[in-house]
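Nothing in this text is a laboratory measurement; each read-out follows from the coordinates by a stated rule. These numbers were taken from a predicted model, which means no experiment stands behind them. Quick reminder, even Gly has a Cβ in these numbers, built from the backbone with ideal geometry, and neighbours come from all protein chains shown.
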Protein chains: 6
Amino acid sequence: MPIVQVYVWKGFSNEAKKRVIAGMTRVFVDIGVPAEAVEVVIHEVPKEDWGVGGEPASEKLKHAHVP
Amino acid sequence: MPIVQVYVWKGFSNEAKKRVIAGMTRVFVDIGVPAEAVEVVIHEVPKEDWGVGGEPASEKLKHAHVP
Amino acid sequence: MPIVQVYVWKGFSNEAKKRVIAGMTRVFVDIGVPAEAVEVVIHEVPKEDWGVGGEPASEKLKHAHVP
Amino acid sequence: MPIVQVYVWKGFSNEAKKRVIAGMTRVFVDIGVPAEAVEVVIHEVPKEDWGVGGEPASEKLKHAHVP
Amino acid sequence: MPIVQVYVWKGFSNEAKKRVIAGMTRVFVDIGVPAEAVEVVIHEVPKEDWGVGGEPASEKLKHAHVP
Amino acid sequence: MPIVQVYVWKGFSNEAKKRVIAGMTRVFVDIGVPAEAVEVVIHEVPKEDWGVGGEPASEKLKHAHVP
C-alpha cells in the first residue's frame with residue numbers, strides 16, 4: 001500500500017537512489033508493513049526547475065552537494 | 001475537473017500512451033463528466049528510479065514487459 | 001507498476017469511485033499490464049480548494065454536476 | 001531539498017507517522033543531506049478511495065493491518 | 001495546460017485560498033497562458049502529517065502562523 | 001511550508017520558469033508566508049504525454065504556444 005514519491009535534484013548517484021529505495025522501504029517494514037507492498041518512486045528535477053525562496057536552486061544554492 | 005497523474009516505467013510506446021489517455025478519459029465520460037474537462041498526465045520513470053520491495057525495478061523486475 | 005493518482009471534486013459517490021478504479025485498471029489490462037500491478041488512488045478535493053481560470057470552482061462552476 | 005510525499009491508508013497512528021517522518025529524514029541524513037532540508041508530507045487516503053487490482057482496498061484487503 | 005498542486009498546512013482561510021488561486025493564475029497569464037487553461041488545486045495537510053527536519057511541524061513549528 | 005508542484009508542457013524557457021518561481025513565491029509572501037519557506041518544483045511534460053479531452057496535446061493543441 002504505501003506509495004512514496006520522492007523529489008530530489010538531478011544528479012543523484014545510482015548508489016544514493018538504491019539507499020533511498022532500501023531505506024524508505026525499511027521504515028515501513030519496521031512498523032509492520034510488508035516490503036512487497038511498498039513502492040518508492042524517485043523523481044529527479046533539474047536545479048533550474050526547483051525554486052527556493054523565489055529563486056532557482058541553480059543560482060541560490062549553486063554549491064550545494066548532490067549525493 | 002478530473003486530473004489524472006499516471007506514473008509508469010520508461011519505455012511506454014506512443015500507441016500505449018494514446019490508449020491510456022483515451023481510455024482514462026472514457027472512464028470519466030461514462031460516469032457523466034465531459035471529455036473536455038479531463039486532463040491525463042503521463043510521467044515516465046526509469047526502472048532504476050522505481051523501487052518495489054526495497055529494490056529498484058531494474059534489478060528486481062528486470063524482465064517485466066513495458067507495453 | 002502503474003500508479004494512478006486521480007484528483008476529483010468532493011462528493012463523488014462510492015459507485016462512481018468503484019467505476020473509476022475498475023475502469024482505469026482495465027485500461028492497463030487491455031495493454032498487457034497485470035491488474036494486480038495497478039494502484040489507483042482517488043483524492044477528493046473540496047470545490048473551494050480547486051481553482052479554474054483564477055476562481056474557486058465553488059463559485060465559477062457552482063452548478064456543475066459531481067457524479 | 002528533498003520532498004517526500006507519502007500516501008498511506010487512513011488510520012495510521014500518530015506514533016507510526018512520527019516514525020515515518022523521522023525514518024525517512026534519517027535516510028537522507030545518512031547520504032549527506034541536512035535534516036533541515038527534508039520535508040515529508042503524509043497523505044492519508046480512505047481504503048474506499050484506494051484501488052488495487054481493480055477493486056477498492058476496503059473490499060479486497062478488508063483485513064489488512066494499518067500500523 | 002498548467003496544473004498547479006499546492007500543499008499547505010491545514011487552517012488556511014478561504015480568503016487566503018482565493019488569493020493563492022487568483023495569484024498563481026495571474027503568474028501564468030503574465031507569461032501568455034490563458035487563465036482558463038490554469039488549474040490550481042490546494043491540498044490542506046494537518047501539521048501532524050507534515051515533517052520538517054525529522055519532526056512533525058505540529059511540534060517543531062508549533063507557533064508558526066497559518067494565513 | 002508551502003510546496004508548489006507545477007506541471008507544464010515541455011519547452012518552457014528559463015526566463016518563464018524564473019518568473020513562475022518568483023511569482024508563485026510572491027503570492028505566498030503577500031499573505032504572510034516567509035519566502036524561504038516556499039518550494040516551487042516545475043515538471044516539464046512532453047505534449048505527447050499530456051492528454052486533453054482524450055487526445056494527446058501534441059495532436060489536439062498542436063499550435064498552442066509554450067511561453
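Here are the numbers for the structure shown:
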| quantity | calculated |
| --- | --- |
| Estimated dipole of the protein assembly as shown in Debye, rounded to 20 [Cβ of Lys and Arg +1, of Asp and Glu -1, Cα centre] | 0 |
| Debye, to nearest 20: dipole size of chain D, +1 on Lys, Arg Cβ, -1 on Asp, Glu Cβ | 200 |
| Theoretical ellipticity at 222 nm over chain F - DSSP helices of four or more residues, -39500 (n - 2.57) apiece, nearest 500 | -9000 deg cm²/dmol |
| Across the identical copies, how the D:H63 labels are spaced - nm, sorted shortest first, 7 Å along Cα→Cβ | 3.4, 5.1, 5.1, 6.0, 6.2 |
| Innermost chain F residue relative to the axis carrying F onto B, by Cβ distance in angstrom | F:H43, 4 |
| Per-residue mean of C-beta atoms belonging to partner chains within 10 Å, peptide C:30-38 | 5 |
| E:W9 long-range amide H proximity, modeled H, under 5 Å | E:V45 |
| Residue (of C:V52, C:M24, C:V4) at the positive-pole extreme of segment C:3-60, dipole from beta-carbon charges | C:M24 |
| Exam field: E:A35 pseudo-label spacings to other copies (7 Å along Cα-Cβ), nanometres | 2.7, 2.9, 4.6, 4.6, 5.4 |
| Label point 7 Å beyond Cα along the C-beta direction, distances from C:S13 to other copies (nm, shortest first) | 3.8, 3.9, 3.9, 5.0, 5.6 |
| DSSP beta bridge pairing in chain D, given as percent antiparallel to the nearest 5 | 20 |
